[in-house]
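Nothing in this text is a laboratory measurement; each read-out follows from the coordinates by a stated rule. Remember, it's a predicted structure, so these values are computed and weren't measured experimentally. Neighbour counts run over all protein chains shown; Cβ positions are idealised from the backbone, glycine included.
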Amino acid sequence: PAFLFYVLSNTFLNTEFYEKELVDNSYDFVVTKTVDLLQEESDVIASNFTNQEIENYVRESFTLGVYSQIISQVEEIILNVNKGIIEDVKISFVPLRNSLLTASNQIAYDIYQDLPSCNVSDELTLDDYPRCVPPGIDYDVVIAPLISDFEVAIYDTIPNEIGGLEDTLPLKLLSEVNFYRDILLLSLLVILILIAFILYKPFSLILKYQSFAFALAAIIGLALSFFVKSIAEFILGDSLFRRMDSATLEFSEYLMGLVSFQIQRISLLFLIVGIALLLVSIVLKRSLNERQT
């Protein structure tokens, strides 16, 4: 549990994690999922453009900077969680929605550019998707059905905001992490003090056994980190998961790797502390032996 609480404290409860890591590592995933949703919601988009073409349109309007505006709201939520404030928690997706509406205008224009001029024999009602451009009809009138279809798809896909997050399990758990982390740290301190009281003297022996405790924790942590990494590679390497799109797969691998890396960090810290305590205990013991002789 100590390693888990450390990982959560150093990632999802750390605002720097969102602005320095999560934005860059999740942007491609969000763009890909947005494109997939638009393709599902709009037959016009699906029939006229490939996923890559739509992705290019989305990236032009929904830039990394716009995505950062959404993530900054998460940072604000985490700041409040760390202060114990969990009230009326919501995330606005208006920046994403507005970006997609901007992209839809460009998509409609490009479709319009490829339309041939209508012949006299062509039948066209302004309620249909345009198959050609009637003479004397304004651009806005011709593309109106396209824009309407795109707007419906966007509004059906992207909500204005997601509210009521204060009642979700993940946020409730995150709000308790700091408390339990402090309890674990206090427990560790009590254990170290008990070791000192049990051994009492000499002081070098106390440091020696405390170094063993830190080293053991480090070994367990390193073993756990490699276990998590191995399990992740095994699961994500399964044929079922290989069917996922590359962005989803990469994002899943990133999250698993992140957990493994954070566990390794705290484990190495424990190992360094353990080695330092052991060296100090050796120096103190030698110093004590020299005095006795």
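Here are a few things to note about the model shown:
- The stretch between TYR129 and ILE162 holds 8.6 nm of extra length on full extension. This uses 0.36 nm per residue minus the Cα-Cα distance.
- Here the 3J(HN,Hα) profile of the stretch 39-52, calculated from phi with Karplus coefficients 6.51, -1.76 and 1.60 at θ = phi - 60°, is 5, 6, 7, 10, 5, 5, 5, 5, 8, 10, 9, 7, 4, 5 Hz, Gly and Pro shown as x.
- Spin-label model distance (nm) - THR63 vs PHE226, 7 Å beyond Cα toward Cβ: 4.5
- For VAL152 and LEU79, the FRET efficiency from 1/(1 + (r/R0)^6), where r spans their Cβ atoms and R0 equals 45 Å, is about 0.80.
- Using the average count of surrounding beta-carbon atoms within 10 Å as a protection proxy, the listed peptides 19-25, 36-42, 111-117 rank, highest first, as 36-42, 19-25, 111-117.
- At an R0 of 22 angstrom, the distance between the Cβ atoms of ASP114 and ASN56 translates into a FRET efficiency of 0.85.
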